[in-house]
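The values are calculated or read from the model by the stated rules, or taken from the named source; none is laboratory data. Since we're looking at a predicted model, the values are computed, not measured. Cβ placement follows ideal geometry from the backbone for every residue including glycine, while neighbour counts extend to all protein chains displayed.
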Amino acid sequence: MDKKFNWKVWTTVGFAVIAILQLLPTFVPGLPDFYTNVFDKQLSYGLDLKGGLELRYTVDYKRAIGDNTLRLRDGLTERLGEAHAKTKKLDWATLSQAQKDEIQKRFDITRIDFTTLNVAFKNKEDVELLNGDLMNTISGDFNIAGAGDQAKRVSMSDKKVLELKKTIIEQTLQVIRKRVDAFGLVEPDVRHSGDADVDLQLPGLSDRQMRMVRERVGQAAQLTFRMVVREAKPFDDKGQDMEAFKAANAEQAKTLALVPGSEGAYLRAEKKSELVRFVRSLQEKDPAWGTNLMIGYEFIENKDQLTGQVTEKYWRTWNLTQRAELSGDNLARANLGFGEKGEPVVNLEFDAAGGRIFGDLTEKNVGNLMAIMLDEDVSSAPVIREPIRGGRAQITLGKGASAQVMQDEARALVTVLNNGAYKAPVIKVHDIEVGPSLGADAVASGLLSMAVGVLLIIAFMIFYYRQGGLIADFALLLNILLQLGLLVAFNAALTLPGMAGLALVTAMAVDANILIFERIREELRLGRSVRAAVELGYGHAFWTIFDSHLTAGMAGLVLMMYSSGAIYGFAVTLLIGIVTSMFTSIVATRVIYDYLLDHGKLKHLSV
């Protein structure tokens, strides 16, 4: 037996054994732990066969682009002040903050929509300060147009809007995929759909897994650090407004209260929604109110020091800097830890740049409060006692919850932070728990029909090709075994369209063997010996089989890349089946012929 034959034998046997080992946990319950620790996956089924969770989120890319426009506003205010100072032969860098503020009052920059700023000048001679050269120092993606004698419009170009939109959606798609992959679920299907939507299909989830996915996938978790603005008093004179709001919204503002504090008055209520509604009413009444601040919300729980029982819990507001001093973009890693009292915490470690920013920030603000935020919620607002170097911080979560819930929340946040935060908010628009659409009886009927079809093919091959048919039937069964084994190995779910793909590739495998048999028949009719007929038959049929499988594979690849749902499942099984079909029809059957010929057991070939 030559080395080439040995290679084919061991490859065929090895693949068959691995496939059987992969499939045993699916069909044989109660296997020992040492076995299931190695082969821990089972053949799983898609949404149409087993049910699961189907979600759709829409990406609010306009808000993300609008935030970019606000950052331009801040830079533009600084650059206009610097340009005006130059006309007066002043050095902007040496001016006091009061002098800078006085100069910047000459410009009123407001955002009209998510792509456009309106720059109004109080003095006509300042209009010329806003020119292309100045804009290029900030961003070359905005265009300048006149808006009257003493105003100009700065608008983002349409090309840049489309570019940012595409980037934001792709980034959001990648973050969702990372988060879903971190759950270890079976064949999660995450796809871009429509204008700015993301579709998720997650088959075979338990109730706990569904709850976990809902919580973590939609969680934006934009980590920011902002300083508390102690001198700001936005609520000090809003007592009458609050009473009027409570009178008009009795049911939605039952517990809303205004509380005096050392950092100015703040709002508190039992529900966060009460605070948010009142803050929005103030903004709608006076658009200029709180424009230089961000209102954050913190959940507070007070406990009895002796018993540890919760005595009261409520939400409160914080007056924070609008600009985040540090964000999660500088986060190197997050991990689960435990605080001084054994409570679960999230430990944060920043990269080199983030560590420097955090150290400088704490050094400049000793004695002040720093808010650690997730989105608009303040996780904590500790007092900075001393500069914190080394680039490390800590978040405590799950106040008042059980130890297990606190640990679950901390672990969930670690997953979200390590797998990235969204550059734009994601809004859930579709959430359906899908039951098996076919029903158990229909699925059983489908499996029965496939089994009957395979048996008929086996019978036909034996009847028509006799000895060759038996060898082809062996290759057919091996092909099905390898396909199912690969589905398990790749953690892919078997769907109804996937079953159709399985049936199609089974037919292709039989067709490949028929091509080989017909070529062997021709060589035998020409008087070739059995060995020569087999050699020439396989040689002549190879490229025909290869071409047909290649074209089918290209079609399957296109379907997999540009489709979702049912068609995607069909494409996956089609591609897997093409590979196994090529192997079984060209390699596995050839192994049997070579063995029979080498041992003198194939003096006459019946095909």
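Contact list please: Cβ distance under 9 Å, first residue in the stretch 12-30 and in the same structural domain as Ile586 (by TED's automatic domain parsing) and at pLDDT 90 or above, second residue hydroxyl-bearing (Ser, Thr, Tyr) and surrounded by 14 or more Cβ atoms within 10 Å (Cβ to Cβ), pairs at least six apart or on different chains.
If the second residue must be hydroxyl-bearing (Ser, Thr, Tyr) and surrounded by 14 or more Cβ atoms within 10 Å (Cβ to Cβ), the pairs left are Phe15/Thr580.
Just wondering, is there one or more residues in the stretch 40-47 that are closer than 30 Å to Ala493 by Cβ and in a helix (DSSP H, G or I)?
Residues of the stretch 40-47 that are closer than 30 Å to Ala493 by Cβ, as a first pass: 40-47.
Filter once more, so that each one left must be in a helix (DSSP H, G or I): 47.
For the stretch 40-47, residues closer than 30 Å to Ala493 by Cβ and in a helix (DSSP H, G or I): present.
I'd like to check something: does the stretch 246-255 contain any residue that is more than 37 Å from the chain's Cα centre (by Cα) and crowded, with 16+ Cβ neighbours inside 10 Å? Even if it seems obvious, please write down each step before you answer.
Keep residues of the stretch 246-255 that are more than 37 Å from the chain's Cα centre (by Cα), which gives 246-251, 254-255.
Filter again for crowded, with 16+ Cβ neighbours inside 10 Å, leaving 246.
The answer is yes, given that some residue of the stretch 246-255 is more than 37 Å from the chain's Cα centre (by Cα) and crowded, with 16+ Cβ neighbours inside 10 Å.
Any residue in the stretch 246-258 that is over 13 Å from Val276 (Cα atoms) sitting within a Cβ distance under 9 Å of a residue that is surrounded by fewer than 15 Cβ atoms within 10 Å (Cβ to Cβ) and among the small types (Gly, Ala, Ser)? List the pairs, counting only those 6 or more apart or interchain.
Cβ pairs passing all conditions: Leu258/Gly239.
When you look at Gln209, is it buried (at least 16 other Cβ atoms within 10 Å of the Cβ), assigned to a helix (DSSP H, G or I) and of a type in the set (S, T, N, Q), yes or no? Let's see the steps before the verdict.
Numbers: buried (at least 16 other Cβ atoms within 10 Å of the Cβ): yes; assigned to a helix (DSSP H, G or I): yes; of a type in the set (S, T, N, Q): yes.
The answer is yes for Gln209.
Which of the residues that make up the stretch 17-39 are out of contact with any helix residue (DSSP H, G or I) (no Cβ under 8 Å at 6 or more places or on another chain), part of a helix (DSSP H, G or I) and under 23 Å from Ser206 (Cβ atoms)?
Phe27, Asp33, Asn37
Within the stretch 271-290, does at least one residue satisfy the condition of being touching a Lys or Arg at 6+ places or on another chain (Cβ under 7 Å) and under 27 Å from Asp74 (Cβ atoms)? It would help to see each step written out before you state the result.
First, pick out the residues of the stretch 271-290 that are touching a Lys or Arg at 6+ places or on another chain (Cβ under 7 Å): 282.
Still in the list and also under 27 Å from Asp74 (Cβ atoms): 282.
Yes, some residue in the stretch 271-290 is touching a Lys or Arg at 6+ places or on another chain (Cβ under 7 Å) and under 27 Å from Asp74 (Cβ atoms).
Only residues in the stretch 198-211 that are closer than 14 Å to Asp431 by Cβ count as the first member; pair them with residues that are among the β-branched types (Val, Ile, Thr), Cβ under 6 angstrom, at least 6 apart or cross-chain, and list the lot.
Sorted first by the residue in the stretch 198-211, then by its partner, the pairs are Val198/Ile176; Leu200/Val190.
Report yes if Tyr61 is modelled with pLDDT of 80 or more, under 27 Å from the mean Cα position of the chain (by Cα) and either more than 30 Å from Asp141 (Cα to Cα) or not charged (D, E, K, R) (or both), otherwise no. Even if it seems obvious, please write down each step before you answer.
Numbers: modelled with pLDDT of 80 or more: yes; under 27 Å from the mean Cα position of the chain (by Cα): yes; either more than 30 Å from Asp141 (Cα to Cα) or not charged (D, E, K, R) (or both): yes.
Yes.
Yes/no per residue for (1) part of a helix (DSSP H, G or I); (2) among the small types (Gly, Ala, Ser); (3) modelled with pLDDT of 85 or more:
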{"position": "Ala475", "(1), (2), (3)": "yes, yes, yes"}
{"position": "Leu478", "(1), (2), (3)": "yes, no, yes"}
{"position": "Leu504", "(1), (2), (3)": "yes, no, no"}
{"position": "Leu515", "(1), (2), (3)": "yes, no, yes"}
{"position": "Leu524", "(1), (2), (3)": "yes, no, yes"}
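Would you check if Thr573 is surrounded by 14 or more Cβ atoms within 10 Å (Cβ to Cβ), touching a Phe, Trp or Tyr at 6+ places or on another chain (Cβ under 9 Å) and polar (S, T, N, Q)? Full working, then the answer.
Working: surrounded by 14 or more Cβ atoms within 10 Å (Cβ to Cβ): yes; touching a Phe, Trp or Tyr at 6+ places or on another chain (Cβ under 9 Å): no; polar (S, T, N, Q): yes.
When the stated conditions are applied, Thr573 does not pass them.
Could you count how many residues in the stretch 202-238 are within 30 Å of Val346 (Cα to Cα) and in contact with a helix residue (DSSP H, G or I) (Cβ under 8 Å, 6 or more places away or on another chain)?
First, the residues of the stretch 202-238 that are within 30 Å of Val346 (Cα to Cα): 202, 205-230.
Of the ones still in play, those that are also in contact with a helix residue (DSSP H, G or I) (Cβ under 8 Å, 6 or more places away or on another chain) are 202, 205, 212-213, 215-217, 219, 221-225, 227.
Of the residues in the stretch 202-238, 14 are within 30 Å of Val346 (Cα to Cα) and in contact with a helix residue (DSSP H, G or I) (Cβ under 8 Å, 6 or more places away or on another chain).
For the subset of the stretch 352-376 comprising residues that are of a type in the set (D, E, K, R) and at pLDDT 80 or above, which member is farthest from Asn302 (Cα to Cα)? Outline the logic, then answer.
Let us first name the residues in the stretch 352-376 that are of a type in the set (D, E, K, R), namely 356, 360, 363-364, 375-376.
If we keep only those that are at pLDDT 80 or above as well, we get 356, 360, 363-364.
Numbers: Arg356: 34, Asp360: 32, Glu363: 30, Lys364: 30 Å.
Within the stretch 352-376, the match that is farthest from Asn302 (Cα to Cα) is Arg356.
So Trp289 passes all but one of these: (1) in a loop (DSSP other than H, G, I, E, B); (2) not assigned by TED's automatic domain parsing to the domain that holds Gln394. Which condition number does it fail?
(2)
Do you know which of the residues in the stretch 213-236 that are surrounded by fewer than 18 Cβ atoms within 10 Å (Cβ to Cβ) and assigned to a helix (DSSP H, G or I) is modelled with the lowest pLDDT?
Glu215
Can you say whether Asp74 is closer than 30 Å to Arg216 by Cβ, assigned to a helix (DSSP H, G or I), under 42 Å from the mean Cα position of the chain (by Cα) and not aliphatic (A, V, I, L, M), as far as the supplied structure shows? Quick ask: steps written out before the conclusion?
Working: closer than 30 Å to Arg216 by Cβ: no; assigned to a helix (DSSP H, G or I): yes; under 42 Å from the mean Cα position of the chain (by Cα): yes; not aliphatic (A, V, I, L, M): yes.
It is false that Asp74 is closer than 30 Å to Arg216 by Cβ, assigned to a helix (DSSP H, G or I), under 42 Å from the mean Cα position of the chain (by Cα) and not aliphatic (A, V, I, L, M).
Check off (1) assigned by TED's automatic domain parsing to the domain that holds Met370; (2) touching a strand residue (DSSP E or B) at 6+ places or on another chain (Cβ under 7 Å); (3) of a type in the set (Gly, Ala, Ser); (4) crowded, with 17+ Cβ neighbours inside 10 Å for Gly239 and give me the number that stays unchecked.
Single failed check for Gly239: (4).
Cβ contacts < 8 Å: first residue touching a residue at least 60 places away in the same chain (Cβ under 8 Å), restricted to the stretch 587-603; second residue crowded, with 18+ Cβ neighbours inside 10 Å and small (Gly, Ala, Ser), any location; separation 6+ or different chain. Result?
Hits for this filter: Ala588/Ala475; Thr589/Ala472; Thr589/Ala475.
Identify the residue in the stretch 499-526 that is among the charged types (D, E, K, R) and surrounded by 18 or more Cβ atoms within 10 Å (Cβ to Cβ) and, among all such residues, is farthest from Phe546 (Cα to Cα). Spell out how you get there, then give the answer.
The initial filter retains those residues of the stretch 499-526 that are among the charged types (D, E, K, R), namely 511, 518-519, 521-523, 525.
Still in the list and also surrounded by 18 or more Cβ atoms within 10 Å (Cβ to Cβ): 519, 523.
Details: Arg519: 15, Glu523: 20 Å.
Among those that are among the charged types (D, E, K, R) and surrounded by 18 or more Cβ atoms within 10 Å (Cβ to Cβ), it is Glu523.
Given (1) within 29 Å of Lys166 (Cα to Cα); (2) touching a residue at least 60 places away in the same chain (Cβ under 8 Å); (3) basic (Lys, Arg), where does Lys41 come up short, assuming only one miss?
Exception for Lys41: condition (1).
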